[in-house]
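The values are calculated or read from the model by the stated rules, or taken from the named source; none is laboratory data. Note that this is a predicted model, so its numbers are computed, not measured. Please note: Cβ atoms are built from the backbone with ideal geometry, for glycine as well, and neighbour counts cover all protein chains shown.
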Amino acid sequence: MAAIALFDATQKTIQIQARLIFYGSEATPEAGRAIVEEINRMYNEPKAEVTLAGKSYRVFFVIEYALLTTEEATQLIAQNDNFQNNFIRLEKENIVTRSFMGFGLGDNVGHWIVSDQLGQSTTAAHEFGHGMGLDHPTRLDYRGSGSPPPIMAPRGTLVDAQYQWEPSAKAGEVGGTMKPIHRRVTVEEIQQIVENITIRPDKTGYLGRLSNITFDEVGRHSTSMG
């Protein structure tokens, strides 16, 4: 996920701005609103204060969306050099049967499927995290923490009973792993995002990279315009 980061030294804030451009047969206003509402809510919920170059900043996320036809998206991708623009194809299903970002962490393209209950399951916020350069944590057992698992925890993670699919299930067995709806964005994850910011000569911060790839209906690589 590419984005720009605006620094305000007076207010001591960092505002991370990105635009999700949805195309595909499931790119509807309802889907777009639900997805960006989840992302904005979850990433702003921690009210994170982070440290960068020895200075403290309050971090805000401002994520917008737009809807384009596949033809319009392809034309825009062909000339895109805007780090705010991310191109996400929305479909019923794909060949890997899950939502995914493009090729590598920080990519500005993806193929998401509505069967993942986008905007209602934390999947959109999780994929957004990959776009911000976050990988799955190496820690896969959060039992005893007393806290919800982080947003980047993958399916199958071990958690306290109240965060399992079935609280009465034995850990690691059927129903005894993390139910994704319980994931939450942590201050530590936002700190990692901020550390990925590259400051260019124009003093604007940049996140991610522009592969500018489109996908076909089932998630196959279609074209690269970058």
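A few remarks follow.
- Within region 54-78, being touching a residue at least 24 places away in the same chain (Cβ under 8 Å) and part of a loop (DSSP other than H, G, I, E, B) holds for Leu68, Thr69.
- Among the residues of region 10-27, those that are touching an Asp or Glu at 6+ places or on another chain (Cβ under 9 Å), buried (at least 22 other Cβ atoms within 10 Å of the Cβ) and of a type outside the set (A, V, I, L, M) comprise Tyr23, Gly24.
- A count restricted to region 92-120 and to residues that are surrounded by 17 or more Cβ atoms within 10 Å (Cβ to Cβ) and either among the small types (Gly, Ala, Ser) or modelled with pLDDT of 95 or more (or both) stands at 5.
- Filtering region 175-226 to residues that are of a type in the set (Lys, Arg), modelled with pLDDT of 95 or more and in a loop (DSSP other than H, G, I, E, B) leaves Lys179, Arg183.
- Options Asp135, Asp81; residue that is of a type in the set (Asp, Glu), within 13 Å of the chain's Cα centre (by Cα), surrounded by fewer than 15 Cβ atoms within 10 Å (Cβ to Cβ) and within 30 Å of Tyr23 (Cβ to Cβ): Asp135
- Here Glu30 passes the criteria (1) among the charged types (D, E, K, R); (2) closer than 21 Å to Ile213 by Cβ; (3) surrounded by fewer than 21 Cβ atoms within 10 Å (Cβ to Cβ) except the one numbered (2).
- Residue selected from region 122-141 under the condition part of a loop (DSSP other than H, G, I, E, B) and touching a residue at least 24 places away in the same chain (Cβ under 8 Å), by the criterion nearest to Arg183 (Cα to Cα): Thr122
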